[in-house]
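Reviewing the structure listed below.
Computed from the coordinates by the stated procedures, all read-outs in this text should not be read as laboratory data. Predicted, not measured: the structure shown is a model, and the values here were computed from it. Virtual Cβ from ideal backbone geometry, glycine too; neighbours counted across all protein chains shown.
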Ligand SMILES: NC(=O)c1ccc[n+]([C@@H]2O[C@H](COP(=O)([O-])OP(=O)(O)OC[C@H]3O[C@@H](n4cnc5c(N)ncnc54)[C@H](O)[C@@H]3O)[C@@H](O)[C@H]2O)c1
């Protein structure tokens, strides 16, 4: 099928590359000419594992093109995906200006030669399926008033669930595909488009093997509004789950329990599930905060106040600040101290800094008079260009970060940090203080390396004295008092 993807960001580029890998003819369109030029040269504009090789494979097969001009691509297309940004406005509402502009341009480029499906892949508030339909119609009416009635199209909502850092695998092997639409012709097109993914009858690309046991992907069809709500509800739930783990960790720290053990203990309950229960400095990224704000705004428009959603935001904001409090407990005075941040990206395997906890922590420390050094294996260039006013020093290596620092804070759990020589870096520091905001290191190993270590929800008291063997405890209890 002929597919157009509008917006070549994290979602659009991966979506385009995957559809092209599956055998569709894809054109990715963006208004940013610089991005398109780089993509035409085969360079992804984001850091995402396996994306570059997938784009190269797609290009070799002649299945993917990049353009700034939307009209010819839409005219030839069967399916047009809208994957533009929907960032928050100051009042929390989703900014729909990019979506609206894309929808009008799609309408203006359509003719009566074929039936086309316009798909909202951007995360958009309920009602945007209807809005897109109206805007496409207006676009058609403005460009060719005479043909207005003859142009046939359907609108679908197909929310995206990929995670940055594993976006290629998530797109090729999703847990489910959700398609919201109100007519059978639209659903038929979407089913045909996704049939290789549903049947999982394609060879896996290098670096992204099919998960063991995966034979089929469920494709769920819903109304437009349900599909739109599914995306918001999924993100709200995941953010709430992480927030819950953080709340429990904060209580564990106070009562002397080990949060990682507690989370492992509850995660084995199949009703709860083990994932997204890692305590840390809180979630970040372009989606959770923006989507919860947008859902709160939608709920308020309908006269509903969602206390749980608001609490998710509040808990997460407090969790970021917990790092500052731990540094104050250890160092008392932060003015003039040098703090090293291990990691900038909001999560490993991406260069995305949108709503990253690192930026909040760095800004707060700078406001309090500390000197801040940072090291990230991938995201430092992005930080330099996106936050030019952030007065941090970019270290050249982990050793450079540790040299003469008064404390180190783990902000991003990059895999390469796991193999750091802790004793080596402790010796380089002015004070060997480690605030492990991602519970990346074994506390015993950090203590043995000479660090004053604190994690999230980890209790040093429970590990200072090893518990006696079970038989010994039982014997002690049976002795007369
Ligand atoms: N990033 C994620 O992990 C993720 C996951 C699931 C869903 N989403 C949702 O997908 C959407 C896109 O997110 P993203 O992270 O890829 O955004 P992004 O900011 O990385 O990319 C958006 C792109 O759209 C382009 N654009 C804007 N208006 C355009 C127009 N009229 N025509 C052509 N191009 C235009 C921009 O230049 C930009 O390159 C958002 O709604 C987001 O909430 C994102």
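Among bridges DSSP assigns within the stretch 1-153, what percent are antiparallel (round to 5)?
Details: 1 of 19 bridges.
So the antiparallel bridges amount to about 5 percent of the total.
Roughly what % of Cα-Cα distances in the chain sit above 28 Å, to the whole percent?
On the way: 66790 of 115440 pairs.
Of all Cα-Cα pairs in the chain, 58 percent lie more than 28 Å apart.
Starting with the highest mean, order 96-109, 336-349 by the number of other Cβ atoms within 10 Å, averaged over the residues of each peptide.
Details: 96-109: 21.0, 336-349: 23.7.
Put in order of decreasing packing, that is 336-349, 96-109.
Can you sort 28, 128 from fewest to most other Cβ atoms within 10 Å of each residue's own Cβ?
Working: 28 29, 128 25.
By the 10 Å Cβ count, ascending, the order reads 128, 28.
Mind putting together the pair-distance distribution for the stretch 1-89? All Cα pairs, 10 Å bins, whole percent per bin, short to long.
The distribution over the stretch 1-89 is 20, 57, 22, 2, 0, given as percents.
Which shape class applies to the stretch 48-116: rounded if a/c is under 1.5, otherwise prolate when a/b exceeds b/c and oblate if not, where a ≥ b ≥ c are the square roots of the Cα gyration tensor eigenvalues?
Values: a/c = 3.06, a/b = 1.17, b/c = 2.62.
It is oblate, given that a/c is not under 1.5 and a/b is not larger than b/c.
Could you tell me what percent of the DSSP beta bridges with both partners in the chain are antiparallel, to the nearest 5?
Numbers: 3 of 46 bridges.
Percent antiparallel among DSSP bridges in the chain is about 5.
Could you tell me which of rounded, prolate or oblate describes the stretch 185-323, using a ≥ b ≥ c as the square roots of the eigenvalues of the alpha-carbon gyration tensor, with rounded for a/c under 1.5 and, failing that, prolate when a/b is larger than b/c and oblate otherwise? Before the final figure, lay out the partial values.
Numbers: a/c = 2.62, a/b = 1.40, b/c = 1.88.
Oblate, since a/c reaches 1.5 and b/c is not below a/b.
Could you grab the Rg to Rh ratio for the stretch 24-159? Cα atoms only, Kirkwood for Rh. Please report the intermediate quantities before stating the final value.
Values: Rg = 15.8 Å, Rh = 16.0 Å.
Ratio of gyration radius to Kirkwood radius: 0.99.
Please state the shape class of the stretch 309-425: rounded when a/c is under 1.5, otherwise prolate if a/b exceeds b/c and oblate if not, all from the C-alpha gyration tensor.
On the way: a/c = 1.38, a/b = 1.10, b/c = 1.25.
Rounded, since a/c falls under 1.5.
Note the angle between two axes, namely the Cα long axis of helix 184-199 and the longest principal axis of the Cα atoms of the chain, as a number of degrees from 0 to 90, rounded to the nearest 10.
Value to nearest ten degrees: 50.
Evaluate E = 1/(1 + (r/R0)^6) for residue 61 and residue 385, where r is the Cβ-Cβ distance and R0 equals 45 Å; express this FRET efficiency to the nearest 0.05. Don't skip to the end; give the middle numbers.
Details: r = 33 Å, r/R0 = 0.73.
For R0 = 45 Å, the calculated efficiency reads 0.85.
Using alpha carbons only, how many angstrom separate the centre of the stretch 340-366 from the centre of the stretch 386-456?
Cα centroid to Cα centroid, the span is 14 Å.
From the convex hull of the Cα coordinates of the stretch 205-280, what is the mean projected area in square nanometres?
Numbers: hull surface 31.1 nm².
Value for the stretch 205-280: 7.8 nm².
Using the count of nearby Cβ atoms within 10 Å as a rough guide to exposure, how do 363, 258 rank from fewest to most? Don't skip to the answer; put the middle values down first.
Details: 363 16, 258 19.
The most exposed by this proxy come first: 363, 258.
Figure the gain on full extension for residue 418 and residue 223 (residue separation times 0.36 nm, minus the Cα-Cα span) and round it to one decimal in nm. List each step's numbers first, then the result.
Details: separation 195, 0.36 × 195 = 70.20 nm, distance 4.52 nm.
Full extension of this stretch gives 65.7 nm more.
Per DSSP H run of n ≥ 4, the term is -39500 (n - 2.57); total these for the chain, divide by its residue number, and report the mean residue ellipticity at 222 nm rounded to 500 deg cm²/dmol. Intermediate values should be presented prior to the final figure.
Details: 19 runs with 217 residues, N = 481.
Result for the chain, helices only: -14000 deg cm²/dmol.
For the stretch 300-361, just the Cα set please: Rg and Dmax, both in angstrom.
For the stretch 300-361, the Cα-based Rg and Dmax read 15.9, 49 Å.
Exposure proxy check: 229, 110, 214 ranked by fewest other beta carbons within 10 Å?
If I rank by nearby Cβ atoms, fewest first, I get 214, 229, 110.
Could you sort 307-313, 52-58, 276-282 so that the peptide with the highest average Cβ count within 10 Å comes first and the rest follow in order?
Values: 307-313: 15.0, 52-58: 18.9, 276-282: 23.4.
Sorting 307-313, 52-58, 276-282 by mean packing, highest first, produces 276-282, 52-58, 307-313.
Output the 0 to 90 degree angle, nearest 10, between the alpha-carbon long axis of helix 224-255 and the longest principal axis computed from the alpha carbons of the chain.
Result, in degrees: 0.
Please report how far the C-alpha centroid of the stretch 46-96 lies from that of the stretch 14-40, rounded to the nearest whole angstrom.
Result: 5 Å between the Cα centres.
Report, in degrees rounded to the nearest 10, the 0 to 90 angle that the Cα long axis of helix 97-109 makes with the longest principal axis of the chain.
Here the helix axis deviates by roughly 20 degrees.
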